[in-house]
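Taking it in order: structure first as structure tokens, then the write-up.
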Amino acid sequence: MTEGIGRTRTFSWEDPASGAEAARRMSGLEYLRAMRREELPAPPMAELMGFGFAEIDEGRVVIECVPAEYHYNPIGAVHGGLACTLFDSAMGCAVHTELPAGAGYTTVELKVNLLRPITVETGRLLCEGETIYVGGRIATAEARLNDESGKLYGHATTTCMIFREDARERSVGEGA
């Protein structure tokens, strides 16, 4: 057995309940922009994985991340789960930017194509998510993962289910 040099990583996060409460009172676009301005806490997952917002517009979100050694898998490259997390976050947040206050969403399906390995030498990654369709109950979006020079590392699509306040109240009132 070889002896390696031990490494540690410490991170902190804020209670996500305050952000979740604010999300019910704000449109998705307002909510995400407030988070980017650090008026609301980042989600614990973003703190854990080391990513954040680079851009937020209606129907479009860019998330940035610098791959680190702590993202590595057992074979010496960044684990594909990091790219999947970036895709899911960018596409879901792009959908969120088009939702009114009180509406929510969840990923129903995620299709990912990983095209080349990511390492610490890759540098800053930008994951751009854009909506394709946002309807009453279903939304679809797509994303691309590029390095700063524009080299493509992967692309993805998603289907999200939308939960709207008025629909939840109706179904509860109808006994459904």
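Read the figures in this text as sums done on the coordinates, not as results from a lab. Note that this is a predicted model, so its numbers are computed, not measured. Methodologically, a virtual Cβ is constructed for each residue, glycine included, from the backbone with ideal geometry; neighbour enumeration extends over all protein chains shown.
Laid out as a table, the results:
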quantity: Scattering curve values for the stretch 1-67, log₁₀ I(q)/I(0), Debye with Cα scatterers, q = 0.13, 0.14, 0.16, 0.27 Å⁻¹; calculated: -0.45, -0.50, -0.61, -1.29
quantity: Under-5 Å amide H pairs with Thr97, H placed in peptide plane, nonlocal only; calculated: Gly59
quantity: Which of Pro117, Ser89, Gly136, positive extreme of dipole for the stretch 16-173 (C-beta unit charges); calculated: Gly136
quantity: Residue order, fewest to most surrounding Cβ atoms within 10 angstrom, among His71, His79, His96; calculated: His79, His71, His96
quantity: The stretch 1-66-the stretch 129-144 distance, computed between alpha-carbon centres (Å); calculated: 21
quantity: Under 5 Å, built H, 5+ apart or other chain: amide partners of Ala77; calculated: none
quantity: Inter-probe distance in nm under a simple model that places probes 7 Å from Cα toward Cβ, at Asn113 and Ala34; calculated: 3.8
quantity: Shape metrics for the chain, restricted to C-alpha atoms - Rg then Dmax, Å; calculated: 17.7, 64
quantity: Anisotropy class of the stretch 46-111 from Cα gyration tensor, a/c 1.5 cut; calculated: prolate
quantity: Net charge, Leu115 excluded, C-beta distance under 11 Å - Lys, Arg +1, Asp, Glu -1; calculated: +3
quantity: Neighbour-count ranking [beta-carbon atoms within 10 angstrom, fewest first] of Thr106, Thr97, Thr119, Thr159; calculated: Thr106, Thr119, Thr159, Thr97
quantity: Computed lengthening from Cys84 to Glu21, 0.36 nm per intervening residue step minus Cα-Cα distance; calculated: 20.0 nm
quantity: Neighbour-count ranking [beta-carbon atoms within 10 angstrom, fewest first] of Leu126, Leu145, Leu82; calculated: Leu126, Leu82, Leu145
quantity: Model label zone, Trp13; criterion: amide N under 14 Å from point 7 Å along Cα-to-beta-carbon; scope the stretch 60-91; calculated: 85-86, 89
